[in-house]
Structure formats: structure tokens, C-alpha cells
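Read through the structure below, which is laid out as C-alpha cells, and then see the notes.
Derivation of every value follows stated rules applied to the coordinates shown; laboratory data play no part. Not measured: the values here are computed from a predicted model. Every residue, glycine as well, gets a Cβ built from its backbone with ideal geometry; the counts of neighbours run over all protein chains shown.
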Amino acid sequence: MSAIETSCTFETSCTLETSCALETARTFGTPECRQWRQGFFERLPTLAEALAAGFVDVARRHGNAAGNRWLARRAAGLIEPERVCRRFPTLAADLRRAFAELRRQGETPLDGIAAGCAWLETVETRLILGAFNASHDDDALIDYARAQARGVEDVRHQLVGNIAGHNRRQRLGLLPPPRRLSPLPGATLSAQARARAARIARGPNPLTPPRPGVPALSLFTWQRAPLMTLAVADTLALERARARARRHGIAPPSLRLKPASQLARLSCERWWRRQLRRLAGRRLEQVLREARRVHKRAGIYCSELTLTRRRAQKVRNRALLETLEAINQAGQTYTLAELAELGLANPDHRRAELMLRIRDTEVEARRLGHVGLFFTLTAPSRFHPVLAASAQRNPKYDGSTPRDAQQHLQALWARARAALAREGRGLYGIRVVEPHHDGTPHWHLLVWAKPEHAAAVTETLRGYAEAESPEELYDRGGQKTHARFKAETIDPARGTAAGYVAKYISKNLNGEQFTRAGVEGDHLDRYGQALTDAAPRIEAWAATWGIRQFQFLGLPSVTVWREVRRLTERQADTLQQWEAATRPRPSIARVLHRVRAAALAGQWDRYLRLMGGPNAPRKLQPIKPWSIPAFRRGQAGDDISHASGEINPGLIERGRYGDEIRVPKGLVVSDRRGHAAEYLTRLYRWEVRPRRRLAVGGVSGEFSGGGAAADPWTCVTNCTDPAFYTNTTRPGCTDPASYTTTTRPVSTAPASQPLTTLPRHLLTPRAPTPDELEAQLARYREWRSSEAARAEVENADVEQRLIRALARRQPPHIPRPPTAAPPARPGAGDGLPAPH
């Protein structure tokens with residue numbers, strides 16, 4: 001370290017008054033030097049006093065020139081903290097507090113200032129998504145998502161226009177034909193030049209005299225120049241759209257999807273809205289974790305901002321569900337909010353199902369003689385932003401997010417599970433993920449295994465959990481702790497396995513449970529927070545970071561359990577009719593009826609035995625879910641996808657992005673001999689529509705509106721497929737002429753003669769092969785990089801600039817105020833001569 005750097009330790013015990021440091025700095029150097037230093041102080045007004053104090057001390061010790069060099073070096077990497085705080089007003093107070101902490105924790109004040117400025121610079125980079133400020137409200141996010149989707153569409157439209165212009169020029173013969181020359185022989189440039197000259201000398205040209213009896217046209221080489229297709233525009237638009245998503249920090253759609261499906265997602269406003277909401281929420285939460293605003297003495301489990309955003313999101317979702325209703329073929333109508341309360345979205349129902357599965361799994365484990373084990377896995381110290389005891393900043397923290405910690409634990413579990421599988425040691429149970437007070441996840445594993453495998457399972461998990469940073473496992477006295485891995489054997493005499501995890505499950509759902517008698521503080525978590533207060537924060541934490549809270553291991557499919565329970569006693573007649581129509585084998589029917597009886601009785605342990613027992617492979621389980629492609633039930637106008645513009649010629653329903661939709665229908669039941677049969681469990685067909693409003697007088701009725709048509713106009717096009725263009729009128733329409741002019745093309749054919757059906761291949765062009773597409777892309781890029789195309793773009797740009805300049809020079813139009821009409825002359829208009 002140089003003498004100048006060593007002298008900078010004055011900052012810990014400097015007696016110079018900071019209020020006068022700027023005034024003292026103005027006494028050093030020439031006027032040019034003072035003006036040069038003033039530029040640093042004006043750029044960093046909140047740090048000017050500290051920089052001036054450092055400059056004065058160095059200048060007094062080593063001279064004005066050394067002070068100037070010190071000032072230039074120390075101010076080079078600094079930014080103005082207030083500028084960043086003003087840019088994110090909702091986080092300004094937290095950012096200022098975190099910057100002050102980093103400033104105090106530095107070895108010297110300027111070292112702390114440098115660390116704080118570096119952190120604020122990363123905050124600014126992370127919270128600006130493209131051109132969007134992540135701290136803005138949801139309305140601004142919606143507008144920005146709409147702008148990005150339109151930007152992708154505009155790029156594609158521009159490319160389509162370019163291709164149309166290229167094809168028009170090619171038809172008119174204004175473009176040279178593509179040349180496909182064979183590669184030149186020769187390893188050096190000179191050899192290739194000689195080969196080219198020899199080829200030109202040997203080859204015929206338009207001035208070469210024709211041979212006797214040989215037509216002149218045979219001397220030329222003819223090549224076909226096909227027109228470019230829209231696939232070129234889609235490919236280039238997709239490349240630019242994926243680059244646009246990466247600039248925002250958003251992962252583009254998977255390359256395994258079709259290009260049309262990828263482009264449909266990237267040009268969809270809803271897709272951008274979902275991605276931006278997820279990314280903005282996670283980055284805001286991570287910044288607040290780094291600012292030490294997520295711990296037991298501030299916002300436990302998650303920040304207040306994240307909790308507020310999650311509550312607003314749930315309010316929006318609830319309001320949307322209230323505006324939609326579902327109706328089935330029996331005429332039963334419910335709002336989606338009512339249906340959500342009847343399913344597993346209701347935390348009470350979800351907790352009841354979880355506790356039933358855990359309790360009955362323990363019953364089956366006891367019957368098999370297996371032992372219960374309870375493990376706790378914790379991430380290393382580098383994943384925790386604060387210390388557990390004092391909630392102070394953790395010096396080992398490396399900036400990892402809760403999602404990074406979750407992936408670390410998943411990788412650890414995958415290695416341990418693979419090792420146990422190689423040794424033939426199976427285990428089954430449940431995994432619960434919950435956060436520490438600072439938002440870092442940890443796992444609770446309730447598993448069962450054979451008694452002879454319990455010790456090996458424990459040591460295997462312990463070895464993988466404690467492999468990283470083993471020095472963190474010992475306290476100051478040298479005693480090994482359970483900071484990373486804790487194992488307990490469940491003693492039936494002390495309580496059941498369900499009792500071990502009941503509190504964890506209640507804490508991660510809604511915080512409501514049956515308080516155990518005689519247990520003090522059973523309604524509080526380990527940090528003294530009420531479970532009813534902690535549950536919303538944990539739910540917001542899991543939703544923000546996309547962490548699955550509960551997962552069962554080695555147990556049969558719960559989807560089959562839920563589908564079988566749909567066949568209640570009220571559907572017994574329908575089940576008999578299905579069996580009479582499909583005639584499954586008696587062995588298959590017996591399998592289903594035994595499993596159905598266990599499911600309807602709520603006996604998960606019996607269901608577990610019938611499905612093959614713990615750790616049974618899925619392919620060997622007798623019942624599996626059954627799903628089929630969804631078939632279209634709409635009108636002919638639904639053939640066109642409004643997202644991708646493609647025409648769906650088949651009967652399969654496709655989603656917003658052109659993907660095939662599969663819907664669950666029931667179960668596939670098989671017997672021991674491999675014979676299988678399908679059983680229908682989805683007995684109702686539901687149609688979702690906007691909720692019917694209350695008519696005047698409070699009576700529920702249809703939409704009211706003008707005209708004879710009762711149905712309202714929708715936001716989608718009502719145009720029908722050309723295959724169904726006829727001159728028939730819409731049912732209920734009293735004016736055929738007005739109907740045909742607004743929704744269908746007017747037909748001049750007689751009423752008895754329908755219009756000709758257009759073939760599908762005329763509407764859906766043939767997609768080029770990969771080789772053809774690559775050749776067309778090369779031709780397009782070559783044309784756009786040619787001198788003619790560049791000149792055209794430059795001319796258009798110059799023209800636009802001239803138009804804008806002319807518009808700026810035009811004076812603004814100021815309307816003249818109306819003036820009173822001049823008084824009429826005497827005698828004017830009355831037939832009398834005017835006076836002289």
C-alpha cells in the first residue's frame with residue numbers, strides 16, 4: 001500500500017469539521033484546479049463533504065497534486081446515491097438505510113461509501129427491466145407489456161412489408177437473380193484468384209459466338225428464383241423478439257416449441273405481463289433482502305412490499321373469478337369464485353387432505369413395520385443475508401436468492417436419493433419447505449424406511465448436507481451443531497408422525513389448527529409470531545419465488561385418488577351405464593370398485609395397498625390418469641387462431657399460442673394381465689362465460705340491449721370460415737341486408753345456390769423446408785445489405801427527417817378571434833341609394 005493510501009486512514013479519526021471541508025478545499029491549488037475539483041463535488045453532492053475532507057488531508061500531507069490524484073482515483077467509481085433513491089421512490093427509505101449501513105461497516109468511511117455505491121449501482125441495473133422501472137405500479141406494467149407485444153408485432157409487420165417489396169421487385173425484374181457458384185479450388189487467395197480467372201476465360205458469355213447448330217440461349221445457365229415466403233419474416237421476427245426478451249432479463253420460450261408458438265407468446269401482451277410481474281416481484285424482494293428489510297426484526301419471511309403486492313394480486317384474481325361463471329349441460333350455474341372455494345384452492349380443504357394422507361401413510365408404515373424419521377436440511381451460510389441471532393448483515397452472504405437456495409437443496413436431495421437407490425434403500429413420506437426469518441428456505445422431511453435401513457439413510461443424507469463448508473458446523477467451543485442437518489427418530493410413545501408436521505403444514509397454509517392441549521405457545525411459530533399472521537407472509541414468499549411447499553415421495557398418484565372420488569354414490573347409476581356401454585373385463589371392474597370404495601371411505605392406507613404399496617413404480621400401478629385432446633365445439637369462425645393467424649383445419653382445440661390442449665377425462669384401469677379399460681369421471685361439460693348481470697328490478701336475466709339479437713358483441717371477430725360462407729341470415733336477425741353487410745360478405749348468388757367452398761391449401765400456404773428457409777434467409781440478408789437497399793433506407797430516413805424539420809419550422813396555427821360585423825351602411829339592402 002502506498003503512502004498516500006496509508007494516509008487515507010485519517011477518515012476514522014479525522015478532526016477536520018466536515019462542514020468546512022469544502023471551504024478548506026477551495027484554498028488549495030490554482031483557480032483551474034479548484035474548478036476541476038468542483039466538477040467532482042457537483043457530480044456527487046451528497047458525498048462532496050467526505051471527498052473534500054479526504055482531499056484536504058492528502059493535500060496537507062503530500063501536496064495539492066497528490067490530493068488531486070487521490071480525488072480522481074477515489075471518485076472514479078462512485079455514483080450519486082440520491083439519484084438512485086429518487087428513481088425508486090417506493091424503496092427510497094430502505095435504500096438510504098442500507099447505504100448508511102454499508103458506509104458504516106467499511107474499514108474507512110470512503111471504503112464504505114465505495115461499497116454502498118457499488119451496491120446501489122447493481123440495484124439500479126436489476127430494477128430497470130429494459131425501459132421499465134420495477135418499482136412502478138401494476139398499471140404502468142400493463143401498459144409496458146402492451147407496448148412490448150406491439151413492438152414485436154410491428155417488427156414482424158415491417159419484415160412482411162420488406163419481403164413483399166422484395167417479391168414485387170423480383171416479379172418486375174429489378175433484382176439480379178441469385179447466383180449459386182461452386183467453391184473455388186485452392187488453399188491460398190492467389191490460387192483461388194487464378195482459378196476464378198481461368199473459369200471466366202473458359203466459360204461462355206453473351207459475346208461468345210455460338211457454335212454451329214447450337215442455339216444462343218443454351219449458352220446461359222438458368223436458375224429458378226422462388227419468391228420469399230412469410231416464414232422468412234417469422235424467423236427473423238422471432239430472433240429479434242427473443243433478443244428483446246433477453247434484454248429485459250426474461251427467459252425466452254423454449255426452443256423445443258414450434259417457431260409459430262414461440263412468436264405467438266412473444267407477441268402476446270398477457271405473456272409479457274406475466275413475465276414482467278414475476279421478474280419485477282423477485283428483483284424487488286431480493287433488493288429488500290439485501291437491504292436487510294427481511295428478517296425477524298423487520299418484515300419476517302418477506303418484505304412488506306411483497307406482502308402488499310401479493311394481497312393486491314389476490315384481490316384482482318378474486319374480482320376476476322366473481323365476474324365469470326360456469327354452466328354445465330344440466331343448467332347448473334356457479335361463479336368461478338364459488339367453484340374455487342369447493343376445491344383445493346380452499347386452504348381448509350387442502351390441509352384436511354394433507355393431514356389425511358400423512359396420518360394414513362403412517363398407519364400403513366406401522367403395519368409394514370417401518371420406522372419414521374424426521375430430517376431438517378438447511379442451506380449453508382452463504383445463502384443467508386443476515387445472521388440468525390442478531391439479524392445483522394452476514395459477511396459470508398454472496399447475494400443468492402431463495403430460489404438459488406431451493407435449487408441447492410434440490411440438487412443435494414437428488415444426489416442423496418440416487419445414492420440410496422443404488423444401494424436399494426427406499427424411503428417414502430412428505431417434504432415441507434418453509435422459510436427462515438430472512439426468507440431462505442429449509443426443508444423438513446418426514447419419511448419412513450425399513451428399520452435396517454434407517455441408519456444408512458441418515459448417514460447418507462448427513463454426508464451430502466454437511467459436505468459444503470464443514471467449518472460452519474462447529475461453534476466457538478468446538479462442539480458440532482445441528483445447524484445444517486438434524487435427524488430425529490419418531491417415537492410412537494411420544495406422539496404420531498402427523499403431530500410432527502401438523503404445525504408446519506398449518507403454518508404454510510392459513511395458520512389455523514387445533515391447538516394441542518397442554519402445549520404452551522402452540523399457536524406461535526419459533527420466532528414468536530402468531531401462525532395466522534405468519535401464514536399470509538409465507539404464502540406470499542412461496543408465490544413470489546415459485547417454491548413448491550409440499551411434495552409427497554414414493555406414494556401413489558393423488559390425481560387418481562381425486563378422480564376416483566368424483567364417482568360418488570350419486571354417480572353410481574352413471575357408472576353402471578358406462579360399464580354396460582364399454583363392457584370392461586370383470587377383473588378390471590373389480591380393481592376400480594375396490595379402489596373406489598377405499599377412496600370414498602377416506603382410507604388412504606387401503607388405497608396405498610391397492611395401488612401397489614410404497615415406492616411402487618408408476619408403470620406398475622393399476623390405475624393411471626386418462627387425458628385426451630380437447631375437441632372444438634365452437635362455430636366455424638373459431639378455425640382461425642387470433643394469436644398466430646394460423647388456420648386450424650382439424651377438430652383438435654388449440655390454445656392461445658397454437659398448442660394442442662389436452663383435458664383430463666377419467667382413468668385408465670388395468671388388471672394384472674395387462675388388460676386396460678377407460679372410465680369416465682368428468683361427467684359434466686362446463687362452459688365458462690361472463691357472469692349474467694341482474695336486470696332492472698333485481699331479477700336475474702339475460703343481457704339487455706337493442707335490436708332483436710340478445711347476445712352481446714364480443715372482443716373477438718365474428719367472421720366465419722370461408723367454407724361456411726352462405727347467403728343465409730343469422731337466426732333472430734330481422735334485417736338480412738344489414739346482417740350480411742356487417743358480418744358476412746354480401747352474396748349475389750341465388751338463394752338455392754351456395755357459394756363455392758375454398759380449398760384449405762389456398763388459405764394455409766405450404767411451410768418451406770429447413771433448407772429452403774435457410775436459402776431464403778440468406779437471400780433476404782444479402783438483399784438488405786446490398787447498396788440498393790441501403791440507399792433506399794437512407795433516402796426514406798432523409799425524407800422523414802426533412803418532414804419533421806419542416807413541421808418544426810411551420811408556425812403554430814392560432815385561430816383568429818371572431819370580430820364583430822361592420823355596421824351596415826344606411827340604405828344598404830333596403831333598395832334606397834346610399835348617401836354621398
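Computed FRET efficiency, Cβ-Cβ of Ala388 and Thr308, R0 25 Å: what is it to the nearest 0.05?
Efficiency, from the Cβ-Cβ distance: 0.40.
As an exercise, use a Förster radius of 60 Å and the Cβ-Cβ distance of Leu620 and Arg784 to find the FRET efficiency, rounded to the nearest 0.05.
Numbers: r = 59 Å, r/R0 = 0.98.
FRET efficiency, Leu620 to Arg784: 0.55.
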What residue among Val663, Gln603, Thr559 has its Cα farthest toward the positive end of the dipole of region 558-688, where the charges are +1 on Lys, Arg and -1 on Asp, Glu, each on the Cβ?
Gln603
Check the straight Cα-Cα distances from Lys450 and name the lysines below 29 Å, setting aside those fewer than 8 residues away within the same chain.
Lys480, Lys486, Lys503, Lys619, Lys624
In region 253-309, the trypsin sites (Lys or Arg not before Pro) that fall in loop regions by DSSP, at most 13 other Cβ within 10 Å:
Arg256, Arg297
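What ranking do 435-445, 351-361, 316-326 get when scored by the average of other Cβ atoms within 10 Å per residue, highest first? Could the numbers behind the result be given before it?
On the way: 435-445: 22.4, 351-361: 19.0, 316-326: 13.8.
The densest-packed peptide leads the list: 435-445, 351-361, 316-326.
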Enumerate the whole-percent occupancy of each 5 Å bin, from 0 to the last occupied one, for all C-alpha pair distances of region 101-194.
2, 10, 8, 7, 7, 7, 7, 8, 8, 8, 8, 7, 6, 5, 1
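Restrict the search to region 657-690; then list the chymotrypsin sites (Phe, Trp or Tyr not before Pro) that DSSP places in a loop and that have at most 11 other Cβ atoms within 10 Å of their Cβ. Write out the running numbers ahead of the final one.
Details: sites: Tyr657, Tyr679, Tyr684, Trp686; in loops: Tyr657, Tyr684, Trp686.
Passing both the DSSP loop test and the Cβ count: Tyr684.
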Simple label model, 7 Å out from Cα along Cβ direction - Thr568 to Arg61, nm:
8.3 nm
Classify region 558-688 as rounded, prolate or oblate from the Cα gyration tensor: take a ≥ b ≥ c as the square roots of its eigenvalues, call it rounded if a/c is under 1.5, otherwise prolate when a/b beats b/c and oblate if not.
prolate
Computed FRET value (nearest 0.05) for Ala118 with Arg246, which takes r as the C-beta separation and R₀ as 25 Å:
0.55
Grab the Cα-Cα distance for Leu524 and Ile547, subtract it from 0.36 nm times how many residues apart they are, and report the gain in nm with one decimal.
6.0 nm
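Rounded, prolate or oblate: which fits region 430-478 when a ≥ b ≥ c are the square roots of the eigenvalues of the alpha-carbon gyration tensor, with rounded for a/c under 1.5 and prolate only if a/b beats b/c?
Numbers: a/c = 2.74, a/b = 1.22, b/c = 2.24.
Since a/c reaches 1.5 but b/c is at least a/b, the shape of region 430-478 is classed as oblate.
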